[in-house]
Each structure stands twice: as C-alpha cells, then as structure tokens.
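The next block holds one structure in the form of structure tokens; read it before the comments.
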Amino acid sequence: MFSYLSRSPIKIKLLIYFLPILVSSVALTGFFSYFTAVKQLEQNAYYLLSDTTEQTGFFLNDKLYTIFEQLVSIENNSAFQYILLDNGQDEGEHRYDDIIDLHKQFEEAYRNHLQVIDSIFVTFNNGRTFNIQKDFIPRHVGVNLNEWLARYNQKDAESSYYWLNTHEDQVFTTVTKRNVVSVFKIIGNLDSEVSGMALINMKESYLLDILQNVNISPNGSLALISPDGVMYSKPLSKEYAIGDEIVNDIRNNANHQGDLRAASKSDQRMMIHFTTLSLNGWKLAAIVPESDILAKASQIKSITLTIVAVILVVFIIMATYFASSLTNPIRYLSKQVKSFRQGNLNVNFQLKEQNEIGVLASGLENLVDSVRQLLEQVKDEQEQKRQMELLALQSQIQPHFLYNTLGSIKHMIDLGEKEKASTMVSALAHFFRIGISRGREVITLREEIEHVQSYLQIQNIRYQKDFEFEIQVEESIMHLPIMKLTLQPIVENAIYHGIKNKKGKGIIRITGRPSGDAAIIEVFDDGAGMDVEKVQEMNTSIQAQNVQEAPVTFGLRNVHRRLALQFGYGFGIRLDSEEGVYTIVTVRIPYTKNEVTNRA
C-alpha cells in the first residue's frame with residue numbers, strides 16, 4: 001500500500017486522504033440496506049410460495065378425493081357385485097335390473113362431475129363390460145384384463161387402488177390422441193375365480209386448469225409428480241428446466257412437505273417447495289427460479305446504488321476540483337515527460353509558475369534541447385553507417401557477376417564464335433548501362449527486369465540455349481522501387497546450381513504480382529532442386545542477422561541483406577525447393593502506387 005501511494009500522482013493521494021471515510025460509510029449503509037431488503041423479500045417469497053403450494057395441494061387433493069369416492073361408490077354398488085359374481089347362469093329379470101342400476105350409477109357420477117370425469121369403464125373376467133363417455137366417439141373400447149391384472153396386482157399388496165398420472169388413454173381409443181389422468185380398482189388376480197377392473201378417467205385439461213390458475217412466478221411452474229410421470233402447469237424454459245435426478249429427489253422424499261435448493265440444467269439456481277397429496281401420495285412441487293424471487297431485489301439494488309453513486313459523485317467532483325487546482329501544473333509536467341518518453345521530441349515545459357515548479361519546468365526544457373541535439377547526431381551517424389554497409393555489399397556483388405560474364409565472352413572468342421561474342425558484348429553493355437544507373441542504388445522494377453533480361457540473354461548464348469526463360473511481371477508493380485542487382489544474383493544462382501545440374505533443357509520463369517501491402521517477385525527454375533534440410537540451411541544463412549565466416553550462399557545473402565537495410569526487416573528473399581523438381585526464390589518488396597523515389 002505504501003509502495004502504491006509513493007508511485008501515485010499527488011492528486012490521487014489527496015483524494016485518497018479525503019474519500020475513504022465517506023465512501024466506506026455510504027457503501028456500508030447501502031450494503032446493509034440492500035442485504036436486509038433482499039432477506040426480507042426472500043423470506044416473504046418463501047412464505048407465499050409455501051402457502052400457495054399447500055393451498056393448491058389441498059384443493060387438488062379434494063378434487064381427486066371426490067372422484068375417488070365415485071369409484072368406491074361404483075365398487076360398493078350391489079349391482080356391481082352381482083354382475084361381478086354372475087357366472088352367466090342368471091338370465092332373468094334380476095340380471096337386467098342390475099345392469100340398469102349400474103348404468104344409473106355411471107350416469108349420476110358422470111352428470112354430477114361432468115367437468116372432471118372424462119369416462120368410466122368397468123370390465124369383468126366373465127366377459128361383461130360397461131362404460132360411459134359422451135365427449136368423443138371412440139374407435140375402440142376395452143382392455144386386455146389379464147395384462148392389467150399381471151401389471152398392477154403385484155405392485156402394492158396392501159391396496160388394489162391405483163393412480164396414473166397424465167398419459168394417453170389406453171381404454172378409449174380415438175382418432176385424435178387424448179391424455180387423461182386415471183384412478184382404477186383391480187379386483188382379484190389371474191388365479192381368482194372372479195376378477196375385474198373399475199376405472200375412472202379424469203380430464204387432463206381440468207387438472208391443468210387448476211395448476212395453471214396458480215401464478216407462482218413468471219418463469220416458475222407447478223409440477224404434479226407421481227411414480228409414473230410428471231404433469232407441469234407449463235413447460236419450463238430451457239434455461240430453467242430441471243433434470244430427472246431432481247424430480248426423483250422430490251418423488252422419493254419421505255417428508256410430507258419440504259424445500260429443496262437445486263440447479264437447473266443450465267446451472268440456474270432454483271427454489272423448490274413441495275407438499276404431498278394425502279390421497280395417493282403424489283407430490284405437488286412449485287419450481288421457481290431464484291432470479292424471479294429476487295426480481296424486486298434488483299430494483300432495490302438499483303435504487304440503493306443510484307443514491308450511493310449520486311452522493312459519491314457529488315463529493316468526488318468537489319474533491320477533484322480542489323485537488324486539480326493544486327496539482328494541474330505537476331500533472332502537465334508529468335504528461336509532457338510521458339510524451340517525451342514515447343518519442344515525441346517536440347514537447348515543451350513552459351509554465352507561468354514562478355515557484356519551485358517553474359524552476360523544475362525550466363530545467364526539463366533545457367534537458368530536452370540537449371537530447372534533441374544528441375539524437376540528431378546519432379541519426380546522422382547511423383545513416384552514414386547504413387550507406388557504407390550498402391556500398392560494401394554492392395561492391396561484393398558486382399565483381400562476382402562481372403567476372404563470370406567476361407569469362408563467358410572470352411570462351412566464345414576462343415571458340416571462334418565472334419557473332420555470339422559480339423551479341424554478348426552488346427548485351428553486357430546494355431547490362432552495365434542499366435547497372436550504372438547514373439549512380440543510383442535504387443531503381444524501378446522495370447529497369448531491374450531489363451537488367452536481368454540482358455543477363456539471361458548472355459547466359460542463354462553461353463550455354464547454347466540449354467534453357468529457356470520467361471518474364472511475366474504485372475504492369476501494376478513495374479514502377480516500384482527495388483535495389484539494383486537484386487534479381488541478377490538470383491538468376492545466376494538458378495543457372496549454376498539448378499539448370500546446369502539438370503539433364504535436358506530447363507526453364508527459368510520470372511513472375512511478379514501485388515499481394516496486400518507488398519509486391520511478390522518469384523524466380524522459378526526446374527533444375528536440380530534441394531532437399532528439405534538444405535532449404536532450411538539456406539534460408540537460415542540468408543536471413544541471419546550476423547554474417548557467418550563462411551556463409552552457405554554468399555550472393556543471395558547479400559541480396560537479402562541489401563533489401564532488408566533499404567526497406568526494413570519485413571522484406572527480403574526466401575527459398576522454397578523440392579529435390580529434383582524445382583526451386584523458387586521469392587523476393588518481397590513494399591507495394592505502393594507512388595512512383596519510385598531515389599534513395600542513393
């Protein structure tokens with residue numbers, strides 16, 4: 001902390017001395033106010049959620065119990081018992097009275113609970129079946145009694161009453177699929193002399209209306225959870241959907257009611273309160289995102305933060321104003337020093353202050369003047385050094401290719417091929433005319449192309465047309481500046497180390513094109529080529545910063561070094577080759593639309 005204060009501006013130090021007490025007081029007050037409000041909101045929301053769930057559970061249990069009573073009434077009806085025990089021997093008036101009485105029982109139950117009951121169905125193993133439904137026309141009515149006896153009779157030895165949560169109706173088959181909630185009674189088993197089933201289907205829409213009429217939160221949902229499934233008042237959005245493991249935790253919870261804190265599939269914090277329906281043991285759970293419960297807390301938080309921010313802003317503005325009036329001269333000098341450190345040599349430190357700060361500003365002004373003079377001196381020395389290095393590299397290249405060319409001309413004369421020798425001398429004269437270039441070291445790419453074309457003509461005569469050459473350079477880059485004698489050493493290298501070592505006739509192709517902010521000139525030959533290790537060794541030698549005692553390629557390294565010195569180290573040459581197939585030397589120079597400017 002002390003180290004930070006020692007490096008801080010004076011203005012910051014002044015503000016640090018004044019602000020902590022006020023900021024901490026206001027912040028703590030706002031924090032405790034917000035914390036208390038959130039806790040109260042959360043507690044109120046919990047009580048409301050708990051009360052809503054319990055009341056809904058009580059109401060739902062009452063409705064289910066009413067339907068259950070109707071099932072029990074049907075089961076206890078004397079006509080039901082007579083028909084169940086009838087083995088088919090009773091064909092008299094008593095049998096028809098029982099059937100009529102049972103149908104009256106169905107009609108009464110259906111009429112009294114029309115909003116809830118979807119259908120009623122009774123079947124016995126003596127082959128008799130009874131049903132009632134009026135809201136739809138079934139395609140088929142009936143069940144495989146033996147399958148139902150085998151499936152459900154083993155589940156609960158203490159009770160033969162069963163409940164099925166929302167499911168597709170398995171008794172009344174219709175064209176359009178219908179979902180119902182069912183309660184039924186299994187009578188007997190597969191081995192019993194008499195057996196059967198009495199079933200009441202409840203409308204899923206009625207139970208959903210009960211759940212949907214309860215508004216627990218914008219993104220929350222009520223879930224009726226049973227061993228065989230779940231009915232949601234509305235689907236939870238993907239962000240707040242809970243996993244099967246959480247549903248199982250609610251389903252298997254032994255408590256009559258309780259609370260759970262869980263995370264949704266997308267890691268959103270969820271609050272769950274559940275209660276148990278006493279009739280069938282199903283769980284009614286309210287599943288609510290904590291973000292819904294704390295939605296109003298965000299408003300309180302915003303108001304609290306706004307008040308705190310306003311108080312702090314007012315005080316900070318006042319404190320800053322007084323601190324600035326004291327520290328502005330020092331801040332000005334500090335800003336100028338930073339600008340100077342970043343390379344701006346045109347800064348000044350003139351102040352109207354006549355105190356100690358004015359003396360400091362005058363000293364800094366004198367110091368900057370001295371630095372400017374020293375930098376100009378260093379710059380001149382560096383430019384002289386660069387020019388000397390360029391000339392040294394140029395002087396190393398020129399004797400090399402001149403020696404080889406004169407040797408070729410002498411060879412032609414010795415063989416008596418005077419016409420070819422004369423042609424070579426003319427090409428050499430043209431070559432040197434462009435090469436001299438009135439003392440310029442930087443020429444246009446067009447001049448360099450003419451220069452290397454003359455060289456290729458000389459070598460083509462010398463090697464008795466053992467190779468062909470093509471030059472395809474786009475006109476859009478012909479005006480670009482390039483170092484003189486860039487392409488000639490590359491072409492010479494292609495002839496001596498590529499074409500010369502190839503069986504048969506070869507080709508040298510020079511192409512050029514713009515590429516982004518650079519121009520790319522490629523010298524291709526289909527000569528002997530190089531393996532991967534040799535290419536890597538050559539590129540390393542060419543682009544090395546320090547000159548080796550015995551570089552792998554003397555001429556190409558000098559070409560690269562001259563380009564890098566002239567245009568920057570992002571430019572130069574690079575080799576690519578495949579042994580026995582080809583070699584490509586890529587020259588990269590800056591691309592601009594301006595005409596060449598000579599830099600001797």
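For the reader, a short list of remarks on this structure follows.
- Exactly one residue among 591, 569 is among the aromatic types (Phe, Trp, Tyr) and modelled with pLDDT of 85 or more, and that residue is 591.
- Residues (modelled with pLDDT of 95 or more and within 39 Å of the chain's Cα centre (by Cα)) located in segment 520-532: 520
- Selection from segment 165-177 of residues that are buried (at least 19 other Cβ atoms within 10 Å of the Cβ) and either modelled with pLDDT under 90 or under 22 Å from residue 139 (Cα atoms) (or both): 166, 169, 171, 172
- In segment 451-486, the residues that are out of contact with any Leu (no Cβ under 9 Å at 6 or more places or on another chain) and either β-branched (Val, Ile, Thr) or modelled with pLDDT of 90 or more (or both): 461, 468, 470, 472, 474, 475, 476
- For segment 248-262, the condition holds for at least one residue, the condition being that it is in contact with a Pro (Cβ under 8 Å, 6 or more places away or on another chain) and without any contact (Cβ under 8 Å) to a residue 60 or more places away in the chain.
- Qualifying positions in segment 469-480 - touching a helix residue (DSSP H, G or I) at 6+ places or on another chain (Cβ under 8 Å) and either more than 21 Å from residue 563 (Cβ to Cβ) or surrounded by fewer than 22 Cβ atoms within 10 Å (Cβ to Cβ) (or both): 469, 471, 473, 478, 479
- You will find that of 511, 540, the residue that is in the same structural domain as residue 584 (by TED's automatic domain parsing), hydroxyl-bearing (Ser, Thr, Tyr), at pLDDT 85 or above and part of a helix (DSSP H, G or I) is 540 and no other.
- Verdict on residue 106 being of a type outside the set (D, E, K, R), closer than 27 Å to residue 82 by Cβ, touching a strand residue (DSSP E or B) at 6+ places or on another chain (Cβ under 8 Å) and assigned to a strand (DSSP E or B): no
- Residue within segment 547-558 that is modelled with pLDDT of 80 or more, surrounded by fewer than 20 Cβ atoms within 10 Å (Cβ to Cβ) and over 40 Å from the mean Cα position of the chain (by Cα) present: no
- From the options 122, 116, 141, residue that is free of Cβ contacts under 8 Å to residues at least 40 places away in the same chain and either more than 20 Å from residue 95 (Cβ to Cβ) or aliphatic (A, V, I, L, M) (or both): 141
- When the test is whether a residue is under 45 Å from the mean Cα position of the chain (by Cα) and of a type outside the set (A, V, I, L, M), residue 239 passes it.
- Being surrounded by fewer than 20 Cβ atoms within 10 Å (Cβ to Cβ), under 20 Å from residue 71 (Cα atoms), among the hydroxyl-bearing types (Ser, Thr, Tyr) and at pLDDT below 90 holds for only one residue in 206, 152, and it is 152.
The values are calculated or read from the model by the stated rules, or taken from the named source; none is laboratory data. The structure displayed is predicted, hence computed values, not measured ones. Every residue, glycine among them, receives a Cβ derived from its backbone with ideal geometry; neighbour counts consider all protein chains shown.
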